[in-house]
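Below is one structure, written out as structure tokens, with a few remarks after it.
The values are calculated or read from the model by the stated rules, or taken from the named source; none is laboratory data. Source: prediction; values computed, not measured. Cβ coordinates were reconstructed from backbone atoms using ideal geometry, including for glycine residues, and neighbour counts include every protein chain displayed. Ligands, DNA and RNA are stripped out before the accessible areas are found, and what is left, the full protein with its side chains, is counted by its heavy atoms. Shrake-Rupley method; radii C 1.70, N 1.55, O 1.52, S 1.80 Å.
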Amino acid sequence: MNSTIETHVLNTYTDMKLVQKLEKDVWNMEPIPLHQTITASQNGGLLLGAFLEGEMIGFSYSFPGFGKGRSYLCSHMLGIHPSHQEKGVGAKLKQAQKEIAREMGYDLITWTYDPLETQNAYLNLSKLHAVCSTYVENCYGEMEDSLNRGLPSDRFKVEWWINSPHVSKQHEISIDQAQRIFQWETTKNHLPKLMNIEQGLHRFAVMDKPLLVPVPANFQQVKSKDNNLAIDWRFKTRDIFQTLFSQQYVAVSLLKSDELVHYYVLVKQQNLEINI
């Protein structure tokens, strides 16, 4: 993009009306009520807008959270106008969010995303260095938007420890340095299919390397061509991640490949330079 994208804190009624318009453009659903976003912005929350030549093309919405004796910033929504997606706008908003959250006194930001959506996974884990050890089944119930309709709304709840060494360092784990314990095959429709996972779920306990978990490189394509296969991916990966998380494994990155799948990298929690 030739023009410079600017980010600004949002806190006025006019700002929130722009957020509502963008919500409709991105998700085609009823927006968050103004009284909610305004109140959040005045009480420890953080709303940011991304602007290009004076037009808001993206926003993030966060509010305060509290759990396990500590406060954190709950990053609830990140929306980019469809004509400006995949241009780095989301990453720019998250970096601004991190810096301002630090100034506000936060050291943890959390949010959720669908673990089968690899574009989000790559941004959240590989670029921002958030981590995940929490899997939530059907987090938002049955959703009717085009991205989620027909599947349980399972989510990763990620943690972004913005003051930790893990976030500030570069992490380079290649496919060759990790262990493949789950196999996949190509269907007649040239779609990836995860094979029987039981053997892999028994093997991980003796592994001393980081583990690889395959997920479709383009899950929406799988869903549009074979919804039953998409459901199969949902339930098999649910079993995999819940099992590995229960054994103190943590998802730390997504490795892209030239195959029909990309790979999550999971390591033992004790090897991270953060306190989860």
Let me check against my output: what whole-number percent is the relative contact order of the chain, with C-alpha pairs under 8 Å and at least 6 apart? 14 percent
Per DSSP, loop trypsin sites (Lys or Arg not before Pro) in region 19-125 with at most 11 further Cβ within 10 Å: 68
In the Gaussian network model of the chain, springs joining C-alpha atoms below 10 Å, which of 262, 76, 202 carries the largest mean-square fluctuation? 202
Rounded, prolate or oblate: which one fits region 1-85, using the alpha carbon gyration tensor with axes a ≥ b ≥ c (rounded when a/c is under 1.5, else prolate when a/b beats b/c, else oblate)? prolate
Normalised by the number of residues in region 175-258, what is the relative contact order in percent for Cα pairs under 8 Å and 6+ residues apart? 28 percent
Straight-line reach only, C-alpha to C-alpha below 19 angstrom: list the lysines that residue 236 could link to, leaving out same-chain residues fewer than 8 apart. 157, 193, 223, 225
Computed E for residue 102/residue 53 - FRET, C-beta separation, R0 41 angstrom, nearest 0.05: 0.90
Set 24/169; 92/169; 87/188, cut-off 28 Å on Cα-Cα distance; pairs above it are 24/169; 87/188
Among 32, 8, 48, whose Cα projects farthest towards the positive end of the dipole of region 1-60, with charges put on the beta-carbon of Lys, Arg (+1) and Asp, Glu (-1)? 32
Could you work out how far helix 89-104 tilts from the main Cα principal axis of the chain, as a 0 to 90 degree angle to the nearest 10? 70 degrees
Across 25, 176, 107, the residue with the highest GNM fluctuation in the chain (Cα network, 10 Å cutoff) is 176
Kindly report, to the nearest 10 Å², the accessible surface of residue 197 as traced by a 1.4 Å probe over protein heavy atoms only. 10 Å²
The Cα extents of the chain along the principal axes, largest first and rounded to whole Å, are 56, 41, 38
Quick check for you: which residues of region 234-276 have the amide N under 16 Å from the point 7 Å beyond the Cα of residue 225 toward its beta carbon? 258-262
Excluding ligands and nucleic acids, what accessible area in Å² is computed for residue 139 using a 1.4 Å probe, to the nearest 10? 50 Å²
So, with a 1.4 angstrom probe, what is the percent of accessible area on the chain that is carbon and sulfur? 46 percent
Set the Förster radius R0 to 25 Å, insert the Cβ-Cβ distance between residue 202 and residue 271 as r into 1/(1 + (r/R0)^6), and round the FRET efficiency to 0.05. 0.65
Provide, in order from the shortest bin, the percent of all Cα-Cα pairs of region 109-246 in each 5 Å bin, continuing until the bin that contains the maximum pair distance. 2, 9, 18, 21, 22, 16, 9, 3, 1, 0
Region 94-197, dipole about Cα centre (Lys/Arg Cβ +1, Asp/Glu Cβ -1), debye to the nearest 20: 240 debye
Among 12, 237, 110, which one moves the most in a GNM of the chain with springs linking Cα atoms closer than 10 Å? 12
What FRET efficiency comes out for the pair residue 138/residue 172, r = Cβ-Cβ distance, R0 = 30 Å, nearest 0.05? 0.30
Hey, what angle do you get for helix 13-27 against the long axis of the chain, alpha-carbon based, 0 to 90 degrees rounded to 10? 30 degrees
Please enumerate, by chain and number, the aspartates and glutamates with C-alpha under 12 Å from the C-alpha of residue 21, excluding those fewer than 8 residues away in the same chain. 30, 55
